[in-house]
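Structure first, commentary second.
Read-outs: derived from the displayed coordinates by stated rules, not from any lab. Keep in mind it's a predicted model, so treat the numbers as computed, not measured. Here the Cβ is made from the backbone with ideal geometry for all residues, glycine too, and neighbour counts use every protein chain on show.
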Amino acid sequence: MTVKFGIIGLGMISRFHAQAIAATPRAELIAVLSRDLAKAKRFADEFHAVPYTNLDEFLDHVGLDAISICTPSGNHLEPCTAGAKAGKHVVCEKPLEINTSRIDQMISICKKSDVLLSGIFPRRFNPATRILKDAINDKRFGEVNMADAYIKWWRSQDYYDSGDWRGTWNLDGGGALMNQSIHTIDLLLYLMGPIKNVRAETRLRGHTAIEVEDTAVALCEFEGGALGVIQGSTASWSKTGHSAEIQITGSRGSVFMADDNFKVWEFDNETEADEIIRKEFMDQSSRGGAGAADPSAIDFSWHTRNYEDIVAAIVNKGKPKITGEEARRAVALIAAIYESAASGGKRVEVS
């Protein structure tokens with residue numbers, strides 16, 4: 001079986017979806033949708049698909065199995081609802097939507113329509129993530145006491161000015177946390193499990209004429225007892241960009257992960273495999289990670305791994321690793337951070 005996809009929304013991120021679909025076995029891009037006919041035709045010609053400007057006609061395309069939603073974040077619910085009612089599986093770029101209420105509606109309609117709903121969080125599928133997750137599951141850290149996420153990226157004012165939806169609450173859903181840091185926040189939750197509560201502060205420090213934050217700090221308490229810090233920024237200038245980092249420390253081990261490499265990999269109960277991991281994954285460079293300073297520099301192979309999981313779930317009639325419920329967790333946490341910041345840093349429970 002070949003899963004035939006259509007992409008809705010042809011902004012910058014859609015290209016990575018198209019490239020990932022093309023690189024995924026048993027997947028094919030057959031249709032694209034944009035309000036701009038010229039853009040739809042150019043994109044369709046490049047990727048050998050059929051262009052549309054009308055959603056109903058797009059969903060009626062013969063053989064269409066699944067849709068990939070690449071519209072602005074606050075415009076995900078409506079095409080998801082239409083696609084699910086038309087019997088199409090739904091893949092949605094992060095965040096799934098701008099708040100949990102809208103996400104819950106997406107989850108509900110997909111369940112009622114008996115179609116798959118999956119989010120895009122490619123960092124979960126990176127090799128270093130699997131290795132670190134195994135170390136956590138094997139209790140190699142002993143008592144985990146701290147788990148932190150640091151995303152100190154740069155976005156120019158031109159980036160925000162390039163689309164009237166960028167930097168708005170209604171369509172972007174937030175700033176540095178909801179748009180850029182959400183990948184690493186999701187990864188922190190995937191590795192460490194749920195966060196109980198947060199205390200946070202947000203600021204707008206490096207940009208103008210946007211509604212949302214470009215700088216945020218949150219103190220987190222995990223359900224497992226560990227404490228952590230989330231720092232997210234799009235006001236941290238760098239020529240090449242800074243890697244997104246996750247740092248986990250415990251009574252018997254410490255690991256600092258920078259994108260898909262390790263800066264630190266140390267355990268009290270050292271094994272032969274540890275030296276192999278350090279040789280293969282230790283970060284020897286000072287270069288920033290993909291997308292840290294230039295959002296167009298993302299490596300589409302990360303999306304490809306995500307699509308491989310989605311296609312396998314569709315073909316085998318199973319569940320993807322990133323279900324709607326899984327994709328919801330990062331948005332719920334970010335919403336709690338925003339609520340805490342708005343209250344002057346009061347403790348807020350994550351729900």
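Which GluC sites (Glu not before Pro) from segment 226-284 combine a DSSP loop assignment with at most 13 other Cβ atoms within 10 Å? Don't skip to the end; give the middle numbers.
Values: sites: Glu245, Glu266, Glu270, Glu272, Glu275, Glu280; in loops: Glu270.
Listed in order of number, the matching sites are Glu270.
What shape does segment 184-287 have by the C-alpha gyration tensor, where a ≥ b ≥ c are the square roots of the eigenvalues, rounded means a/c under 1.5, and otherwise prolate means a/b greater than b/c and oblate the rest? All intermediate terms of the calculation are to be shown ahead of the outcome.
Numbers: a/c = 3.35, a/b = 1.43, b/c = 2.34.
Because a/c hits 1.5 or more and a/b fails to exceed b/c, segment 184-287 counts as oblate.
Springs between alpha-carbon atoms under 10 Å, Gaussian network over the chain: tell me which of Arg15, Arg123, Arg35 tops the mean-square fluctuations.
In this elastic network of the chain, the residue with the biggest mean-square fluctuation among Arg15, Arg123, Arg35 is Arg35.
At a Cα cut-off below 28 Å, give the lysines reachable from Lys321, other chains included and same-chain residues fewer than 8 away excluded.
Excluding near neighbours in sequence, the set is Lys4, Lys85, Lys88, Lys94, Lys111, Lys112, Lys133, Lys139, Lys152, Lys196, Lys263.
Round to a whole angstrom and tell me the spacing of the C-alpha centers of segment 140-213 and segment 72-127.
So the two Cα centres are separated by 20 Å.
From the phi of every residue in segment 113-118, what ³J(HN,Hα) in whole Hz does the Karplus formula 6.51 cos²θ - 1.76 cosθ + 1.60 yield, where θ is phi - 60° and glycine or proline is x?
Couplings: 8, 6, 10, 6, 10, 9 Hz.
Count charges around Met192 for me, please; just the other residues with Cβ under 12 Å from its Cβ, Lys/Arg as +1, Asp/Glu as -1.
Working: positive: Lys133, Lys196, Arg329; negative: Asp148, Asp186, Glu221, Glu223.
Residues close to Met192 contribute a combined charge of -1.
Residues of segment 196-222 with backbone nitrogen within less than 17 Å of a virtual label 7 Å along the Cα-to-Cβ line of Gln157, please, listed as ranges.
Inside the label zone: 204-215.
For every other residue with a beta carbon closer than 15 angstrom to the beta carbon of Arg328, add +1 if it is Lys or Arg and -1 if Asp or Glu, then tell me the sum.
Numbers: positive: Lys94, Arg102, Lys111, Arg124, Lys319, Lys321, Arg329; negative: Glu93, Glu97, Asp104, Asp186, Glu325, Glu326.
Summing Lys/Arg as +1 and Asp/Glu as -1 gives +1.
Starting from the amide H of Val50, placed 1.01 Å from N in the peptide plane, find each other amide H under 5 Å away whose residue is 5 or more places distant or on another chain.
Amide H neighbours of Val50: Ala31, Val32.
Through the Karplus equation 6.51 cos²θ - 1.76 cosθ + 1.60, θ set to phi - 60°, convert the phi angles of segment 121-127 into ³J(HN,Hα) values in whole Hz; use x for Gly and Pro.
Once θ is set to phi - 60°, the couplings for segment 121-127 become 9, x, 5, 4, 9, 6, x Hz.
Karplus couplings for segment 44-61 from phi (6.51 cos²θ - 1.76 cosθ + 1.60, θ = phi - 60°), rounded to Hz, Gly and Pro as x?
5, 4, 5, 10, 6, 10, 9, x, 9, 10, 10, 5, 4, 5, 4, 5, 8, 4
What angle, in degrees between 0 and 90 and rounded to the nearest 10, separates the Cα long axis of helix 324-342 from the longest principal axis of the Cα atoms of the chain?
Value to nearest ten degrees: 60.
If the only charges are +1 at each Lys and Arg Cβ and -1 at each Asp and Glu Cβ, what is the size of the charge dipole of the chain around the Cα centre, to the nearest 20 debye? List each step's numbers first, then the result.
On the way: 40 positive and 47 negative charges, 68 e Å.
In debye, rounded to 20, the chain gives about 320.
Taking Cα atoms, how many degrees apart are the long axis of helix 272-281 and the longest axis of the chain, rounded to 10 and kept between 0 and 90?
Tilt of helix 272-281: around 50 degrees.
Does segment 227-351 classify as rounded, prolate or oblate by the C-alpha gyration tensor (a ≥ b ≥ c root eigenvalues; a/c under 1.5 gives rounded; else a/b over b/c gives prolate, otherwise oblate)?
Working: a/c = 1.34, a/b = 1.10, b/c = 1.22.
Taking the square roots of the gyration eigenvalues as a ≥ b ≥ c, segment 227-351 is rounded.
For Cα pairs less than 8 Å apart in space and 6+ apart in sequence, what is the mean separation divided by the residue count of segment 227-351, i.e. the relative contact order in percent?
Working: 110 pairs, mean separation 21.1, N = 125.
In percent, rounded to a whole number, it is 17.
Can you tally the net charge around Asp104? Count Lys and Arg as +1, Asp and Glu as -1, for every other residue whose Cβ sits under 13 Å from the Cβ of Asp104. Write down the numbers at each step before the final one.
Values: positive: Arg102, Lys111, Lys112, Arg328, Arg329; negative: Glu97, Glu325.
Its environment carries a net charge of +3.
Calculate the dipole size of segment 48-132 relative to its Cα centre from +1 charges on Lys and Arg beta carbons and -1 charges on Asp and Glu beta carbons; express the result in debye to the nearest 20.
On the way: 9 positive and 9 negative charges, 104 e Å.
Computed about the Cα centre, the dipole is about 500 debye.
Place a label point 7 angstrom from the Cα of Val315 along the Cα-to-Cβ direction, then list the residues of segment 26-68 whose backbone nitrogen is under 16 Å away.
26-29, 65-66, by backbone N distance to the label point.
With n ≥ 4 as the cut-off for DSSP H runs, can you work out [θ] at 222 nm for the chain, using -39500 (n - 2.57) per run divided by the number of residues, rounded to the nearest 500? Numbers along the way, then the final one.
Numbers: 11 runs with 122 residues, N = 351.
Mean residue ellipticity, 222 nm, calculated: -10500 deg cm²/dmol.
Counting DSSP beta bridges in the chain, what percent are antiparallel, to the nearest 5?
Working: 36 of 62 bridges.
Here the antiparallel bridges make up roughly 60 percent for the chain.
Helix 300-315 versus the longest principal axis of the chain: what angle, 0 to 90°, nearest 10, using Cα atoms?
70
If the elastic network links every pair of Cα atoms under 10 Å, which of Ala292, Ala18, Ala313 fluctuates the most in the Gaussian network model of the chain?
Ala313
At a threshold of 8 angstrom on Cα-Cα distance, excluding pairs fewer than six apart, so keeping six or more, what relative contact order does the chain reach in percent? Spell out each step's value before the answer.
On the way: 770 pairs, mean separation 69.1, N = 351.
It rounds to 20 percent for the chain.
Roughly speaking, what is the stretch gain from Lys39 to Glu211, that is 0.36 nm per residue apart minus the C-alpha to C-alpha distance, in nm to one decimal?
59.1 nm
Is the shape of segment 49-177 best called rounded, prolate or oblate, per the rule: a/c under 1.5 gives rounded, else a/b larger than b/c gives prolate, else oblate, with a ≥ b ≥ c the square roots of the Cα gyration tensor eigenvalues?
Values: a/c = 2.24, a/b = 1.43, b/c = 1.57.
Oblate shape, in that a/c is at least 1.5 and b/c is the bigger or equal ratio.
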